[in-house]
Amino acid sequence: MYLRDNWYVAALTSELGARPLSRQILGEHVAIFRSESGRVMVLADQCPHRGYPLSLGTVVGELLVCGYHGFTFDSSGTCVAVPGQDRIPSRADVRSYAVVEQGILVWIWMGRGEADPTKLPDTPWLADTEHWSTVSGVAKISASFDLLVDNLLDLSHETFLHNGSIGTPEVATTPIEVEVDEENHVVRVFRHMNAVECPPFYARTTGLHGKIDRWQDIDYTPPGHYLLHARIAPVSQPPLPDGTDDHAFHMKIFYGLTPSSEGKVYDFWALARDFCMGDDEIDRFLEKMQTGVVQEDVDALNILQSRTDERREVSEVSVKIDRGGLAARRMLASMTDAQSTS
Ligand code: FES
Ligand SMILES: [Fe+2]
């Protein structure tokens, strides 16, 4: 069951061009497009006339014109024109979705009722180009949403799956702390590695070599919003008592987890850094590295899903490193229960 009453990332703004974008989100086909005035709109991707995908249509001003016979829709999904007649059938409207463009992300509300603005994740750094340089991308994975949650909540896999880029032995050997914030619906996982090897991902970008302090602090706000705060610093130089941390390098590694259909999930990512600002070469380096890291996850999860599909019974042996993932599962399960009883 999908957790509908939530905001999910529908697209990166960089994906929106002259043509509408077709996506399947929580099982529903949608057409995402930017009108000529610059507004992002989302309509159900099926023309009520003969079912042609509206994503194959054309944007004309503030309207979307079906690419088959020209039924025309406004931002509310109301059919405002049909060819060859003045009268517009009352059943010719399509569903429109509430969307919010925030920095480089387009969020969509997948609930049936009014969109709840209080639930919209806040990612101000993705719009703050003065203090953060960002690279981003998206991958589609043929695996269940739950497998992606598991993957992101347990970063010990970096040591093995991402060896050579971000994985070092200490990621797997350093114990984690897990905090469940029931009130704000956040699962937090902390891993503070001190005086550890600097992986190539950070050596090239920060200029630090040899031993470093490396912190990974995860905030997972189910279902679709994951943020990893990475702190890279010279050894034994923690933030100052007043919180100032200018001697460290910081990254905010965002993931938007958006179920597509059963056994398919979109993995949006955005990597923001507060150093080497505006450096194109570092942008390209990080983009390439992160694309490779995400592809390693995609490959692993695709394999895991196909093996899971073959098995009649799935047994798991959970250990200490899984505490974050298990806490996330419990929170998702209680949200699912709450939705089914509401
Ligand atoms: S299918 Fe869209 S106008 Fe005919
Ligand atoms: Fe990974």
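Throughout, read-outs are computed from the coordinates displayed, never taken from laboratory work. Worth saying up front: this structure is predicted, and the values here are computed from it rather than measured. Positions of Cβ are generated from backbone atoms using ideal geometry, with glycine treated the same way; all protein chains shown enter the neighbour counts.
Normalised Debye scattering of the range 72-128 at q = 0.13, 0.24, 0.26 Å⁻¹ gives log10 I(q)/I(0) of -0.50, -0.95, -1.03, counting only Cα atoms as equal scatterers and leaving out solvent. The Rg/Rh ratio for the range 180-300, using Cα coordinates for both the radius of gyration and the Kirkwood hydrodynamic radius, is 0.99. One chain, two ends: Val100 and Asn163. Fully extended at 0.36 nm per residue, the span grows by 19.0 nm beyond their Cα-Cα distance.
By the beta-carbon count within 10 Å of each Cβ, the least crowded to most crowded order of Ile88, Ile166, fewest first, is Ile88, Ile166. Each residue, Ser315 and Asp242, gets one label point 7 Å from its Cα in the Cβ direction; the gap between the two is 5.9 nm. For the pair Glu36 and Thr291, label points projected 7 Å from Cα toward Cβ lie 3.4 nm apart. Counting neighbouring Cβ atoms within 10 Å and putting the fewest first, the residues Asp74, Asp45, Asp86, Asp337 line up as Asp86, Asp337, Asp74, Asp45.
Expected output is a single nm value to one decimal: the length gained when fully extending between Ser340 and Leu16, i.e. 0.36 nm times separation in residues minus the C-alpha distance. What is it? Working shown, then result.
Values: separation 324, 0.36 × 324 = 116.64 nm, distance 3.46 nm.
Taking Ser340 through Leu16 to full extension adds about 113.2 nm, to one decimal.
For the range 301-342, the set of GluC sites (Glu not before Pro) satisfying both a DSSP loop assignment and a count of at most 10 other C-beta atoms within 10 Å is given as Glu313, Glu316. Compared with the dominant Cα axis of the chain, that is its longest principal axis, helix 323-341 is turned about 30°. Measuring max minus min along each principal axis, the C-alpha atoms of the chain give extents of 75, 50, 36 Å (largest first).
Its residue count N fixes a reference of 2.2 N^0.38 Å for the range 80-174, and the Cα radius of gyration divided by that reference is 1.74. Panel order for Tyr2, Tyr68, by other beta carbons found within 10 Å of each beta carbon, from fewest to most: Tyr68, Tyr2.
Are there GluC sites (Glu not before Pro) in the range 107-207 that DSSP puts in a loop and that have at most 16 other Cβ atoms within 10 Å, and which ones?
Details: sites: Glu114, Glu130, Glu158, Glu170, Glu177, Glu179, Glu182, Glu183, Glu197; in loops: Glu114, Glu130, Glu182, Glu183.
Hits after loop and neighbour filter: Glu114, Glu130, Glu182, Glu183.
Rg and Dmax over the alpha-carbon atoms of the range 1-124 stand at 14.4, 48 Å. Computed over the range 238-311, the convex hull of the alpha-carbon atoms projects to a mean area of 7.6 nm².
Which of the lysines could be linked to Lys140 by a straight reach, that is with a Cα gap under 19 Å, when you skip same-chain ones fewer than 8 residues away? Within the straight-line cut-off, Lys140 pairs with Lys264, Lys288.
Give the angle, between 0 and 90 degrees and rounded to the nearest 10, that separates the Cα long axis of helix 280-310 from the longest principal axis of the Cα atoms of the chain. Tilt of helix 280-310: around 80 degrees. Between Ala203 and Asp283, the simple label model (points 7 Å from Cα in the Cβ direction) yields a spacing of 2.6 nm. Put the Cα centre of the range 226-272 next to the Cα centre of the range 158-213 and the gap is 10 Å.
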